[in-house]
Amino acid sequence: MNEEYLDGRDLADVCGRSWVEVDLDRAADNLRWVKNQLSPGTGVCAIVKTNAYGHGAPELAACFLEAGAEMLAVACLDEVLQLRRAGITSSILILSDGEPERYAEGIEADATYSLFSLAKARDLSERAVALGRKVKVHVKVDTGMRRVGFSATAAETPGQILELAALPGLDVEGIFTHFATADGFDQAESLEDDLVSEPGEQFLQLQFRDFVRLLDTLEREGLRFRYRHCCNSPATLRHPEMHLDLVRPGLTLYGLLPDNVGREEADNRPILSLHSRALQVRTIEQGQSVSYGRRFVATTDMRSATVPIGYGDGYRRSLTGKAEVLVHGRRVPVLGTICMDSLIIDVSKVGDAFFEGDRVVLWGEQGGAEITIEEVAAWSDTINYEVPCALSPRLPRVYLRDGKPFKVVRYLV
């Protein structure tokens, strides 16, 4: 990975192909906006897994912490190590498997572990004692996702968690669960099945009820936690009664919204845009076809531009036949099949004013027009979470302050 500061140079001198732009001022504003939604005494654990949803984990982690996040969360140990190498010293919670074979490495990196079985807890305890260290852990409780966790309703669970909390070498500071339907999406509601008895909102309430009941049981046994947490982005915005000690926003920090929250309700703003430049501008004659499979055949003479970005960069092939991009502040369609490294657009509307090297915005704002990540997700038949997460490492990330690019990160050099 290579970091380069522009120091007044033009972006064109550094990014000649395609690139991602990330506005760090907007990111900080989004974090502060989320904090303003919280109940008194509730902190923010900023989710920066999957390279901060494709935005660049070291830069976004530092930005969120500076704006007031209490801790960070990632999916795996390598993501912890990436942040430590970047100088991040805050608590970093591993939400998923802690890779027991690498416990020593994680302990040295001061990772905070999620524990969801006694066997893993014992392994971590033994390794911590052998190293003479105290390891922070959060207990994962399963209330309905059915992925991992101690079952919230199983009779043996309180005893198991109490046993875990007594193990040497462990600082059991937190306990958490995760909601299955907080974003309002519940496919089970459409199933003709007598087994499905609760709609999505009711299922969310049942998950929270079971989690709180387990907390109450453990508290009666004398076990209290510094951090009790269950709210992802949609639950954070919709259910202040569930905030507890900590919330775990991800999507909202990046300026995106869950399906059950309208843009008119939110003050966060998208922070990521995707850019490229015209590689070649040419005339396509009537009857000529475009790209693989000849999906598009010109019905009249037209001007096209080849743009050096494709599904190898994370601009999905499933956008074929649906996507639009911005040139000179106008929407124009993508023609034919999207290739691994390029795509072709119709610039006939722009006339002769569009030239090789002119900028193309795949999503983001240009000249008063905007293409949103939500639109791109709809064209791809996916969710907005997936769109930025799919961005390839070969796209440089360009970071903005005060509306101006100041830093470029290249992952491949």
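Within segment 315-334, if we keep just the residues that are under 21 Å from Cys15 (Cα atoms) and out of contact with any helix residue (DSSP H, G or I) (no Cβ under 8 Å at 6 or more places or on another chain), the residue that is surrounded by the most Cβ atoms within 10 Å (Cβ to Cβ) turns out to be Tyr315. So, of the residues in segment 241-297 that are at pLDDT 95 or above, in contact with a Leu (Cβ under 9 Å, 6 or more places away or on another chain) and of a type in the set (Lys, Arg), which turns out to be farthest from Ala353 (Cα to Cα)? Of everything passing the filter in segment 241-297, Arg248 is farthest from Ala353 (Cα to Cα). Of all the numbered requirements in (1) within 28 Å of Gly255 (Cβ to Cβ); (2) in contact with a strand residue (DSSP E or B) (Cβ under 6 Å, 6 or more places away or on another chain); (3) crowded, with 21+ Cβ neighbours inside 10 Å, Ile338 misses one, and that requirement is (2). Being crowded, with 16+ Cβ neighbours inside 10 Å, in contact with a His (Cβ under 9 Å, 6 or more places away or on another chain) and at pLDDT 95 or above: is that true of Phe176 here? Taking the combined requirement at face value, the residue satisfies it.
In segment 215-229, the qualifying residues are those that are in contact (Cβ under 8 Å) with a residue 60 or more places away in the chain and not aromatic (Phe, Trp, Tyr), and the one that is nearest to Arg146 (Cα to Cα) is His229. Val212 fulfils the conditions (1) of a type outside the set (Gly, Ala, Ser); (2) in contact with a strand residue (DSSP E or B) (Cβ under 7 Å, 6 or more places away or on another chain); (3) without any contact (Cβ under 8 Å) to a residue 60 or more places away in the chain except for a single criterion, (2). Of the strands (runs of 3 or more DSSP E) lying entirely inside segment 327-385, the ones with 3 or more residues being aliphatic (A, V, I, L, M) and at pLDDT 95 or above are found at 330-335, 343-346, 359-366. Every test in (1) over 30 Å from Thr217 (Cβ atoms); (2) surrounded by fewer than 18 Cβ atoms within 10 Å (Cβ to Cβ); (3) β-branched (Val, Ile, Thr) is passed by Val48 save one, and that test is (2). Screening Gly351 on (1) in contact with a helix residue (DSSP H, G or I) (Cβ under 9 Å, 6 or more places away or on another chain); (2) surrounded by fewer than 17 Cβ atoms within 10 Å (Cβ to Cβ); (3) more than 20 Å from Arg316 (Cα to Cα) shows it passes everything except condition (1). Just one residue in the set Arg85, Arg127 is of a type in the set (D, E, K, R), surrounded by 14 or more Cβ atoms within 10 Å (Cβ to Cβ) and either more than 30 Å from Leu206 (Cα to Cα) or modelled with pLDDT of 95 or more (or both); that residue is Arg127. Of everything in segment 130-152 that is surrounded by fewer than 16 Cβ atoms within 10 Å (Cβ to Cβ) and not small (Gly, Ala, Ser), the residue that is farthest from Ile175 (Cα to Cα) is Leu131. When Pro158 is tested against (1) within 31 Å of the chain's Cα centre (by Cα); (2) modelled with pLDDT of 95 or more, just one condition goes unmet, and that condition is (1). When the test is whether a residue is within 15 Å of the chain's Cα centre (by Cα) and modelled with pLDDT of 95 or more, Ala52 passes it. Selection over segment 240-265 of residues that are out of contact with any Gly (no Cβ under 8 Å at 6 or more places or on another chain), crowded, with 18+ Cβ neighbours inside 10 Å and not in a helix (DSSP H, G or I) gives a count of 9.
The values are calculated or read from the model by the stated rules, or taken from the named source; none is laboratory data. On a predicted model such as this, the values are computed, not experimentally measured, just so you know. Positions of Cβ are generated from backbone atoms using ideal geometry, with glycine treated the same way; all protein chains shown enter the neighbour counts.
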